[in-house]
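This report refers to the structure that appears directly beneath it.
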Amino acid sequence: MTHARQQHTRHPVQVVAHRGASEEAPEHTLAAYKKAIEDGADALECDVRLTADGHLVCVHDRRVNRTSNGRGAVSALELSDLAGLDFGSWKTREAREAWHARDEEPDWEFRPEDREETSVLTLERLLELVADAGRRVELAVETKHPTRWAGQVEERLLLLLKRFGLDAPASAAESPVRIMSFSARSLHRVRAASPLLPTVYLMQFVSPRLRDGRLPAGVRIAGPSMRIVRNHPSYVERLKRAGHQVHVWTVNEPEDVALCVELGVDAIITNRPRAVLRQLGR
Ligand code: G3P
Ligand code: CA
């Protein structure tokens, strides 16, 4: 057993639905988030971007080309432009292509209940969904390309959270919302305005100055990729020893889930919340 795999005090691992239940429903749609809540996910992950007219929408890519029937950058489109697009059909198309590549006949199609389920999702609508969930469902909001907007993403985000009474929690532990980013500057802006809102520093690689388990000033949660965890499990140990929580993305394979549990990570961010919860015996 390696040093990193020594016994940890057992605590519940939070299961976070990455872009909603995005394996079974089109990512970042109301359908995907409803499914994740139904499946029992503890929290929902979403990426947010600003439209040309200043609305925060849940879209991962810079452009809408991959996940809708439209074209163009989110930042160049207004909410009314996005509202006319279909963010669902690509999922069925993608599944069909995968089946055909395996020389099999498709037997699956994504069928939304109504048009709203596959329309562009605003962060406001997602916050309403969470508020109406009937149980505690946490929300991990990732600010995408916040440097381009020089603070506007965070400003709009905090204003919206304020409307839902979520911008100033009594303590970080009690906050049902946390803000994630690959940008330390974006997290700094959030903390400057809302010091108790938890922030998560996302990492695709570990920069040399953070190898000892340190995080940017004020950040208490590390968000390493599954690849980092797989290749450097002792890094999780270092982060934990430094007193940080560890939230790992994107954890879809059963052996990766098992490794995360063994290492004592605090949250597993996955496209398959139902399968992960089942593996965890929940
Ligand atoms: O949860 C963090 C993870 O979502 C970061 O990567 O590209 O999926 O936003 P990405
Ligand atoms: Ca994300």
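For GLY40, the requirement of being within 13 Å of ligand 2 (Cβ to nearest atom) and on the phi > 0 side of the Ramachandran plot is not met. For the range 42-56, the candidate set comprises residues that are closer than 18 Å to ALA131 by Cβ and away from ligand 1 (no atom under 13 Å from the Cβ); within that set, the residue that is surrounded by the most Cβ atoms within 10 Å (Cβ to Cβ) is LEU56.
Within the range 46-61, being touching a Ser or Thr at 6+ places or on another chain (Cβ under 9 Å) and within 13 Å of ligand 2 (Cβ to nearest atom) holds for ASP47, VAL48, ARG49, CYS58, VAL59, HIS60, ASP61. Identify all residues within the range 113-146 that are more than 16 Å from ligand 2 (Cβ to nearest atom) and in a helix (DSSP H, G or I); write none if there are none. Residues satisfying the conditions are ARG115, GLU116, GLU117, THR118, GLU124, ARG125, LEU127, GLU128, LEU129, VAL130, ALA131.
May I ask you to verify whether VAL190 is buried (at least 19 other Cβ atoms within 10 Å of the Cβ) and either under 25 Å from SER22 (Cβ atoms) or modelled with pLDDT of 95 or more (or both)?
Working: buried (at least 19 other Cβ atoms within 10 Å of the Cβ): yes; either under 25 Å from SER22 (Cβ atoms) or modelled with pLDDT of 95 or more (or both): yes.
Taking the combined requirement at face value, the residue satisfies it.
Among the residues of the range 112-122, those identified as in contact (Cβ under 8 Å) with a residue 12 or more places away in the chain and either charged (D, E, K, R) or touching a Phe, Trp or Tyr at 6+ places or on another chain (Cβ under 9 Å) (or both) are GLU113, GLU116, GLU117, THR118, SER119, VAL120, LEU121. The single condition from (1) touching a Leu at 6+ places or on another chain (Cβ under 6 Å); (2) touching a residue at least 40 places away in the same chain (Cβ under 8 Å) that SER183 fails is (1). Restricted to strands (runs of 3 or more DSSP E) entirely inside the range 192-282, those with at least 1 residues that are in contact with a Cys (Cβ under 6 Å, 6 or more places away or on another chain) and either of a type outside the set (Lys, Arg) or touching a residue at least 24 places away in the same chain (Cβ under 8 Å) (or both) are 245-248, 267-270.
Residue count for the range 204-226 satisfying the condition of being within 15 Å of ligand 2 (Cβ to nearest atom) and surrounded by fewer than 20 Cβ atoms within 10 Å (Cβ to Cβ): 2.
Being surrounded by fewer than 16 Cβ atoms within 10 Å (Cβ to Cβ), under 23 Å from the mean Cα position of the chain (by Cα) and over 13 Å from GLU27 (Cα atoms) is true for just one of ALA83, ALA76, ALA98. Which residue is that? One residue alone meets the criteria, ALA83.
Test ASP167 against the criterion of being crowded, with 18+ Cβ neighbours inside 10 Å and not in a helix (DSSP H, G or I), and give yes or no. So ASP167 fits the description; yes. In the range 123-141, the residues that are small (Gly, Ala, Ser) and at pLDDT 95 or above reach residues that are part of a helix (DSSP H, G or I) and surrounded by 18 or more Cβ atoms within 10 Å (Cβ to Cβ) with C-beta atoms within less than 9 angstrom, at least six apart or across chains, in these pairs: ALA133/ILE37; GLY134/ILE37.
Return the only residue of ALA168, ALA242, ALA184 being over 22 Å from ILE269 (Cβ atoms) and either of a type in the set (A, V, I, L, M) or over 18 Å from the mean Cα position of the chain (by Cα) (or both).
ALA168 is the lone residue from the list that is over 22 Å from ILE269 (Cβ atoms) and either of a type in the set (A, V, I, L, M) or over 18 Å from the mean Cα position of the chain (by Cα) (or both).
Just one of GLU237, GLU155, GLU255, GLU174 is more than 16 Å from ligand 1 (Cβ to nearest atom) and under 18 Å from VAL15 (Cβ atoms); which is it?
Every option except GLU255 fails the conditions.
The values are calculated or read from the model by the stated rules, or taken from the named source; none is laboratory data. All figures in this text were calculated on a predicted structure; none of them were measured in a lab. FYI the Cβ positions are ideal-geometry reconstructions off the backbone, even for glycines, and counts take in every protein chain you see.
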